[in-house]
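Worksheet: the structure to be examined is printed underneath.
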Ligand SMILES: Cc1ncc(COP(=O)(O)O)c(C=O)c1O
């Protein structure tokens with residue numbers, strides 16, 4: 001490519017844990033003309049998007065809107081707005097993104113306490129609850145779905161226990177939202193952030209967040225409206241303000257409410273994309289969408305097993321939208337991925353830290369979770385492994401996946 005050519009990306013089958021293929025309707029929305037940020041059509045779009053974010057997280061929280069930035073921007077906005085320097089924050093860690101939460105909290109000046117469990121496992125909820133009891137944190141922050149290990153932390157009881165102990169419960173739902181059940185209010189989650197490049201099937205760059213009145217009560221005493229737009233009605237806080245201007249959720253509440261007090265310039269095209277992606281999710285239906293993800297997961301597992309490969313995370317706490325495969329001994333994991341991309345245009349992922357070189361991660365998220373993609377990834381993996389003379393059973397994977405699909409189709413017909 002030279003600089004006098006437009007960039008035209010190749011067509012890929014993306015089966016990674018993100019970014020994944022964007023829904024064509026979202027791509028179309030991205031090409032709509034720009035309108036002004038206070039155009040009533042645009043502010044109406046902001047309001048409609050807030051409703052869709054509430055539906056996504058299964059919450060009645062008024063404060064449910066996107067942060068302009070990737071998923072970690074959403075987490076950072078929640079943390080920098082909630083944490084006052086010295087606040088004790090508990091982070092149970094079971095993979096890479098738990099460390100990220102701890103690091104963000106540290107940078108916000110928190111007194112961070114971590115508990116860890118081996119990568120590839122999750123915590124018993126009672127272990128986290130005991131830690132909340134022992135450590136007495138102001139905030140407990142947990143990753144719901146760890147894409148680095150393909151595991152999902154059960155969260156049915158943790159939130160209620162946090163509430164009982166007066167700890168705010170904050171969750172990173174980047175990997176799960178839109179693909180796996182997440183019930184913010186029922187699970188007593190006080191603040192949550194997610195990303196759009198995974199099961200929501202939009203481009204990376206927006207992070208829907210939601211927080212309840214408990215979280216707002218913790219952050220709002222530090223509210224300070226930007227000097228240049230402050231009015232005589234805006235009280236000046238005695239407390240030191242939130243340390244970030246961009247991620248200051250106390251000011252963003254004014255922007256995402258009828259006051260529409262200007263903060264940043266909302267990312268117009270990204271909001272079009274988010275609205276469309278969430279509208280598509282609402283139209284499909286959350287339950288139907290979760291079932292679709294489970295079906296493709298089952299087909300991938302059946303295909304991988306039929307090749308004689310080992311599914312690394314095939315246990316109770318498996319994250320349904322990420323299937324990890326143990327790399328057979330003597331096989332160069334990177335060379336296999338490269339061959340799959342070069343010859344078949346199919347992308348899968350490696351992992352991080354102690355799992356680097358040990359597993360492949362196949363994502364089946366959002367628009368990428370389709371039958372043809374599952375066949376493509378199985379075919380490309382089997383072919384690449386055969387090319388490198390790995391001990392793999394050939395010719396059975398697609399049939400195994402097909403059996404899953406045909407069985408599901410027959411079951412739905414007989415219903
Ligand atoms: C669970 C989880 N949390 C956070 C992140 C960070 O997301 P982003 O790259 O969108 O900032 C990721 C990205 O893969 C993730 O999987």
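Throughout, read-outs are computed from the coordinates displayed, never taken from laboratory work. The shown structure was predicted, so the numbers you read here are calculated from the model rather than taken from an experiment. Note: ideal-geometry Cβ built from the backbone for every residue, glycine included; neighbour counts use all protein chains shown.
Observations on the model:
- Between segment 318-341 and segment 360-374, the alpha-carbon center distance in angstrom: 14
- Only beta bridges with both residues in segment 21-282 are counted; by DSSP, about 40 percent of them are antiparallel.
- In the chain, the longest principal axis of the Cα atoms and the axis of helix 333-344 are about 80 degrees apart.
- Cα centroid separation, segment 254-282 to segment 378-396 (Å): 45
- The Cα atoms of segment 21-282 give a gyration tensor whose axes a ≥ b ≥ c have a/c of 1.5 or more with a/b no greater than b/c, which makes the shape oblate.
- Modelled label reach - residue 227, point 7 Å along Cα→Cβ, segment 254-280 residues with backbone N closer than 19 Å: 262-264
- In this calculation the C-beta distance from residue 234 to residue 30 is compared with R0 = 30 Å, giving a FRET efficiency of 0.25.
- The Cα center of segment 117-173 and the Cα center of segment 56-96 differ in position by 14 Å.
- FRET efficiency, residue 163 to residue 332 (Cβ-Cβ, R0 45 Å, nearest 0.05): 0.40
- Among 246-252, 218-224, 88-94, 76-82, the order from most to least packed when residues are scored by Cβ within 10 Å on average: 76-82, 88-94, 246-252, 218-224
- Helix axis angle, 286-306 relative to the chain longest principal axis, alpha carbon, degrees: 30
- Of 190, 332, 39, the residue with the greatest mean-square motion in the GNM of the chain, using alpha carbon springs below 10 Å, is 39.
- Within a Gaussian network of the chain (alpha carbon springs, distance under 10 Å), most fluctuating of 315, 376, 296: 315
- A P(r) calculated from all alpha carbon pairs of segment 11-146, with 5 Å bins opening at zero, reads 2, 8, 13, 16, 16, 16, 11, 9, 6, 3, 0 percent.
- Residue 121-residue 185 FRET efficiency (beta carbon distance; Förster radius 22 Å; 0.05 resolution): 0.20
- Remark: 263, 233 ranked as 233, 263, counting other beta-carbon atoms within 10 Å and listing the fewest first.
- Neighbour counts of C-beta atoms inside 10 Å place 172, 254 in the sequence 254, 172, starting with the fewest.
- Note on 16, 147: ascending count of other Cβ atoms within 10 Å places them as 16, 147, the fewest first.
- Relative to the longest principal axis of the Cα atoms of the chain, the long axis of helix 71-82 lies at roughly 30 degrees.
- Scoring 49-57, 406-414 by mean Cβ neighbours within 10 Å over their residues and listing the highest first yields 49-57, 406-414.
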